[in-house]
Amino acid sequence: MTKNKKNVLFLFVALTSLFYFKQETSPSLSENKSRDVSGSLNEKTVIRQVIDQHRKPIERTPASTSYVNKPSPKWQKRLETSLKAQGGSGLKEIKIQKESSLVWMRDENPILVESVIVTLTSHKKMQSSFRALVDSQTGKVLESWDQTIFDPANVRDGFHLKLDPRYTN
């Protein structure tokens, strides 16, 4: 075997093995692996819809990938802790129901948020619920709406939330 034939054979084997190993380690389409909005490769990818400052869907994804925050699995526990502290001794139960994960375009700075429905139950068995956008990292309520009113004669007797001052006008 000549030297040229050995070099061609070696090159062929090297390229074949490189191609084989590269395909084995790269994610396939059937495995549902893709990049999420934070840019990291995850098994369970969260597809986040983009909304504007008025909570209306935006068709176009922002070019910027510089988000104000990073998603944390502890956001729900942090929200629950904050609500317990604000509810005081009158609060019996907190139920947080996640609706969706979103990217909130507020003041040109994309914030990763969770859309949730929060139901608070007092020791007097009175329930109050509201919808909120919650910071995906800190669990802070950034905006809330659809609040339940207990009694028309005494509307201030319900639970009150303090919004994070960094995100309020």
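Just one of S82, S66, S30 is part of a loop (DSSP other than H, G, I, E, B) and either of a type in the set (S, T, Y) or at pLDDT 90 or above (or both); which is it? Walk me through it before giving the result.
Details: S82 fails: part of a loop (DSSP other than H, G, I, E, B); S30 fails: part of a loop (DSSP other than H, G, I, E, B).
From the options S82, S66, S30, the qualifying one is S66.
In region 60-119, how many are surrounded by 17 or more Cβ atoms within 10 Å (Cβ to Cβ) and acidic (D, E)?
1
Just to be sure before I move on: is S72 touching a Ser or Thr at 6+ places or on another chain (Cβ under 6 Å) and at pLDDT 90 or above in the structure I sent? Full working, then the answer.
On the way: touching a Ser or Thr at 6+ places or on another chain (Cβ under 6 Å): no; at pLDDT 90 or above: yes.
No: the conditions fail for S72.
The values are calculated or read from the model by the stated rules, or taken from the named source; none is laboratory data. Source: prediction; values computed, not measured. Heads up, the Cβs are rebuilt from the backbone with ideal geometry, glycines too, and the neighbour counts pull from every protein chain shown.
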